[in-house]
Amino acid sequence: MKFRFSIKVKMAPHIFDPQASTIEKSLKKMSYPVGDFAVGKVFDFSIEAPSEECARSIAKEIAEKVLSNPVLETFVLEREE
């Protein structure tokens, strides 16, 4: 079966993100009421696997080993319908 996933990667909370900080400051100067701004990446893909559990395990491994740096970033794995 084919399973679709989305992986969202962003900087870990304890890591300063200069890009997010610059965007947030610019938006505040424009009077937008924003806070806790974060910048990230989204990866959408499908995995061919015999079960959702197997596909989710593969997607998690891809996120941990290829798409994110666990020292600097966090990720959220979501199954797409």
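For the range 2-80, a simple Cβ point-charge model (Lys and Arg +1, Asp and Glu -1, everything else neutral) yields a dipole of about 300 debye relative to the Cα centre.
Projecting label points 7 angstrom from Cα along Cα→Cβ for Leu72 and Cys54 puts them 3.5 nm apart. Here the contact order of the range 2-80, divided by its residue count and restricted to Cα pairs under 8 Å and six or more residues apart, works out to 52 percent. Of all the accessible heavy-atom surface of the chain, with the other protein chains kept in place and a 1.4 Å probe, what percent is carbon and sulfur? Answer for the chain: carbon and sulfur cover 57 percent of the accessible area. Phi angles across the range 10-25 convert, under the Karplus curve 6.51 cos²θ - 1.76 cosθ + 1.60 with θ = phi - 60°, into 3J(HN,Hα) values of 8, 5, 5, x, 7, 9, 5, 10, x, 5, 5, 4, 5, 5, 4, 4 Hz, Gly and Pro given as x.
Sparse packing (at most 15 other Cβ atoms within 10 Å of the Cβ) combined with a DSSP loop state is found for the following chymotrypsin sites (Phe, Trp or Tyr not before Pro) in the chain: Phe16. In this structure the chain gives 72 Å² per residue of accessible area when probed at 1.4 Å with all protein chains present. Summing charges over all other residues whose Cβ lies under 11 Å from the Cβ of Gly35, with Lys and Arg as +1 and Asp and Glu as -1, gives -1. The order of Leu27, Leu72 by accessible area, most exposed first and with a 1.4 Å probe, is Leu72, Leu27.
The values are calculated or read from the model by the stated rules, or taken from the named source; none is laboratory data. None of the values given here were measured: they were computed from a predicted structure. No Cβ is skipped: glycine too gets one built from the backbone with ideal geometry, and neighbour counts run over all protein chains shown. For the accessible areas, the whole protein counts, side chains as well, though only heavy atoms, and no ligand, DNA or RNA atoms are used. Shrake-Rupley method; radii C 1.70, N 1.55, O 1.52, S 1.80 Å.
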